[in-house]
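Below is one structure; the comments refer to it alone.
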Amino acid sequence: MSCKHEAFEASVRVARIEDQGRFMAEIRITCANCGKPMQFMGLEPGLNYDGATVSLDGLEANIGIHPVGQRPNPLQKLMGYTVKAHN
């Protein structure tokens, strides 16, 4: 009988990119019952400090993060706020 994947475990690590002064959230999700990893869909592979990407195998989502107030939030971007200098 195959697993129906009804319960999940997620792990989140924060990577500090020292030479860039940036941070990335690294997210993995597995089925809590059978241990099968879940693949992230709809993200492009690669590295983007200001967006979301996926590892080449699709098993880890990587999302650029920063302390609140350091960059415009999504609502501020819609209202036309800009930041002229950042790390």
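Read-outs throughout are calculated quantities, based only on the coordinates presented, and are distinct from any laboratory measurement. Predicted model, so just to flag it, every value in this text is computed and none were measured. As a convention, Cβ positions derive from the backbone with ideal geometry for all residues, glycine included, and neighbour counts pool all protein chains shown.
Tabulated data for the structure shown
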| item | result |
| --- | --- |
| Cα-projected label distance for residue 33 with residue 11, points at 7 Å along beta-carbon direction, nm | 2.2 nm |
| Trypsin sites (Lys or Arg not before Pro) within the stretch 3-33: DSSP coil, no more than 12 neighbouring Cβ in 10 Å | 4 |
